[in-house]
Amino acid sequence: MSTARYWREIPQRYRLESGKCKKCGKSFIPPRMVCDACGSREFDQVRASDEGTLVSYTVIRVAPGEFSDEAPYAVGIIQLKDGPRLTAQIADCDFDELEIGKKVRIEFRKIYEQGQAGVICYGYKGVLV
Amino acid sequence: MRDVAIIGVGMIKWGELWNKSLRQMFVEAALNAIDDAGTDHIDSMYVGCMTSGVFVGQEHLGSVLSDYLGAKNIPAVRVESACASGGVAVRTAYMDVASGMHDIVLAGGVEKMTDVSGSEATYALATAADREYEAYNGVTFPGLYALIARRHMHEFGTTREQLAHVAVKNHRHGAKNPNAQYPFEISVERVLESVLVADPLRILDCSPITDGAAAVILCPADVASKLSKKPPVKIVGTGHATDTIALHSRKDITWLDAVNKSAQQAYKQAGVKLEDIDVAEVHDCFTIAEICVLEALGLAEKGKGGTAAESGMTALGGKIPVNTSGGLKSKGHPVGATGVAQVCEIVEQLRGDSGERQVKGATAGLTQNMGGSGGSSVVHILKKA
Ligand SMILES: [Zn+2]
């Protein structure tokens, strides 16, 4: 992955920065320029809550190249407390513990390493609480 | 707008076609369609292809393919909407003829997927998801549909067996299709014992990696019977809609809004009721997809799509046979070609040319082709002229 492509996503991947619509209050990760609910173009930059619940989950057993050493691993859709939803890996869990509605906390984690001189990619993962 | 008819369809046998290149597959299917129509020329061409740039390093397909088809200097362009690229090619060709711009228009689709490794193919297909916010975090396409399946099971009580019944039904149909990649029957037990890909989805819930192409020829309806000896079939309704690129951005991840919206447009234009549809080809890239699509089309109640295949309603001989071709599951899924091949199947059904898999007396049919996890959908309604 090119450095520029990686760096411009850092605020939302490292710090969960979201864009909160000034007009209707809907929040987005990553931030957007136009609110899909009300059409407003004005947003506040807000750090999203790191608490959420599991909307759905799966265990990836056939992974793309950059994740092939990690498989099997769990992935879920997480509803954050203050609005936005994320797709993220659910780290350090026993797959049998996964359940829709379970509480999840977002943590800063390594996502994958790109061999040789490539970037080490970081971001968010969920952990069951 | 002019009324539009389809006067030619062309398929090739799909599979792992190591001895055939992208351009070769396309030209074969296109020539089959041209010969079926009996036309000596085409005025313009649209090619559905998802990601030839990633799969074979070739873009600029409009020129490559019109050149190799011997259709020099015609306007030709590739259109892309991930796995719905083929459906969009047909719709664009429809608009070209309907508008009066061109008379004889070819809509084709092609994908060459087996020149790369399985993990490279997984990467290529993930370009249809949100690259930076889904794929970046390790979710695959089977993974996205697994998230939908898990939620559908949780909310509506859909069972693992019901998912398997979709694959079993489509393989039973595909076993009667000589162009299918996997023309054999499977059992519920075999699906349930097959290897897990993304829980709860197993390998036999997933459509395969396929090389293939398909093509159709469109023309104004009022000259169709003069141009072709085959019984003409009219496109009486078309619809196209988009939805959020990321699955997680949708309030209800089990509801395919783009499918519903594109279907509503097509029903309205066609002026048909759901009861009038005799046969349908829908986007069963995964077993759960067929279930959710039936609900969004209105062929099953919301949350009840799981019972459709299990009860026999969508099987040949049932109330509304779905995926008589074998669907993506058994016929194969060369992504850009899929939406065009769906139209080929319905045209043959309405002509009465479907042999062992013929739906008796079919006069109206529907196709539904979907991109990504439901980020786009195209619906066509076809009627015997
Ligand atoms: Zn707003």
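Structural remarks
- Apart from one condition, B:Ser207 fits all of (1) closer than 30 Å to B:Gly372 by Cβ; (2) modelled with pLDDT under 95; the exception is (2).
- Criterion violated by B:Asp103 - all others in (1) at the interface with chain A (Cβ under 9 Å from one of its Cβ atoms); (2) open to solvent by 30 Å² or more (accessible area, probe 1.4 Å) satisfied: (1)
- Every residue from the stretch B:272-283 that is not aliphatic (A, V, I, L, M) and not in a strand (DSSP E or B): B:Lys273, B:Glu275, B:Asp276, B:Asp278, B:His283
- Among the residues of the stretch B:148-167, those that are among the small types (Gly, Ala, Ser) and buried (at least 23 other Cβ atoms within 10 Å of the Cβ) comprise B:Ala149, B:Ala164, B:Ala167.
- Within the set B:Val139, B:Val116, B:Val110, the sole residue that is open to solvent by less than 10 Å² (accessible area, probe 1.4 Å), farther than 30 Å from B:Arg250 by Cβ and of a type outside the set (Asp, Glu) turns out to be B:Val110.
- If you go through the stretch B:59-100 and keep only what is surrounded by 24 or more Cβ atoms within 10 Å (Cβ to Cβ) and in contact with a Phe, Trp or Tyr (Cβ under 7 Å, 6 or more places away or on another chain), you end up with B:Leu65, B:Ala89, B:Ala93.
- Test: residue in the stretch B:168-186 that is touching a residue at least 12 places away in the same chain (Cβ under 8 Å), surrounded by 24 or more Cβ atoms within 10 Å (Cβ to Cβ), small (Gly, Ala, Ser) and touching a strand residue (DSSP E or B) at 6+ places or on another chain (Cβ under 6 Å): no
- Total residues in the stretch B:240-259, condition out of contact with any Asp or Glu (no Cβ under 8 Å at 6 or more places or on another chain) and either open to solvent by 50 Å² or more (accessible area, probe 1.4 Å) or farther than 29 Å from B:Thr122 by Cβ (or both): 3
- Index of the failed condition, A:Ser56 passing every other in (1) under 17 Å from B:Tyr136 (Cβ atoms); (2) under 15 Å from the mean Cα position of the chain (by Cα): (1)
- In the set A:Arg47, A:Arg5, only one residue is of a type outside the set (Ser, Thr, Tyr), more than 13 Å from the ligand (Cβ to nearest atom), open to solvent by 30 Å² or more (accessible area, probe 1.4 Å) and in contact with a helix residue (DSSP H, G or I) (Cβ under 7 Å, 6 or more places away or on another chain); that residue is A:Arg47.
- Residue check for A:Leu54: away from the ligand (no atom under 16 Å from the Cβ), more than 8 Å from every other protein chain (Cβ to nearest Cβ), touching a strand residue (DSSP E or B) at 6+ places or on another chain (Cβ under 9 Å) and more than 16 Å from B:Leu147 (Cβ to Cβ): no
- Every test in (1) open to solvent by 10 Å² or more (accessible area, probe 1.4 Å); (2) at pLDDT 95 or above is passed by B:Leu274 save one, and that test is (2).
- Of all residues making up the stretch A:15-24, the number that are open to solvent by 20 Å² or more (accessible area, probe 1.4 Å) and within 15 Å of the ligand (Cβ to nearest atom): 4
- Test: residue in the stretch A:71-80 that is part of a strand (DSSP E or B), within 12 Å of another protein chain (Cβ to nearest Cβ) and open to solvent by 20 Å² or more (accessible area, probe 1.4 Å): yes
- Contacts under 7 angstrom Cβ, first residue in the stretch A:38-50 being within 14 Å of chain B (Cβ to nearest Cβ), partner more than 16 Å from the ligand (Cβ to nearest atom), 6 or more apart: A:Ala48/A:Leu16; A:Ala48/A:Leu80
- Taken over the stretch B:85-106, the criterion of being closer than 19 Å to B:Glu59 by Cβ and not β-branched (Val, Ile, Thr) is satisfied by B:Ser85, B:Gly86, B:Ala89.
- Evaluated against (1) within 15 Å of the ligand (Cβ to nearest atom); (2) surrounded by fewer than 16 Cβ atoms within 10 Å (Cβ to Cβ), A:Cys35 falls short on exactly one condition, (2).
- Between B:Ala149, B:Ala121, the distinction of being touching a strand residue (DSSP E or B) at 6+ places or on another chain (Cβ under 9 Å) and either touching a residue at least 24 places away in the same chain (Cβ under 8 Å) or of a type in the set (Ser, Thr, Tyr) (or both) belongs to B:Ala149 only.
- Unique residue being crowded, with 16+ Cβ neighbours inside 10 Å, polar (S, T, N, Q) and within 12 Å of the ligand (Cβ to nearest atom) when the list is A:Ser27, A:Ser40: A:Ser27
- Flag for A:Arg85 being farther than 24 Å from B:Val116 by Cα and either facing another protein chain (nearest Cβ under 8 Å) or among the polar types (S, T, N, Q) (or both): yes
- Cβ pairs under 8 Å, 6+ apart, first in the stretch B:20-33 and of a type in the set (Val, Ile, Thr), second open to solvent by less than 60 Å² (accessible area, probe 1.4 Å): B:Val27/B:Leu65; B:Val27/B:Leu69
- Scanning the stretch A:104-127 for residues that are without any contact (Cβ under 8 Å) to a residue 60 or more places away in the chain and surrounded by 13 or more Cβ atoms within 10 Å (Cβ to Cβ) yields A:Val104, A:Arg105, A:Glu107, A:Arg109, A:Ile111, A:Tyr112, A:Lys125, A:Val127.
- Sole exception among (1) away from the ligand (no atom under 16 Å from the Cβ); (2) more than 8 Å from chain B (Cβ to nearest Cβ); (3) touching a residue at least 40 places away in the same chain (Cβ under 8 Å) for A:Ile10, by number: (3)
The values are calculated or read from the model by the stated rules, or taken from the named source; none is laboratory data. As the structure is a computational prediction, the values presented were derived from the model and not from experiment. Methodologically, a virtual Cβ is constructed for each residue, glycine included, from the backbone with ideal geometry; neighbour enumeration extends over all protein chains shown. What goes into the accessible areas is simple: the full protein's heavy atoms, side chains included, and nothing from ligands, DNA or RNA. Shrake-Rupley method; radii C 1.70, N 1.55, O 1.52, S 1.80 Å.
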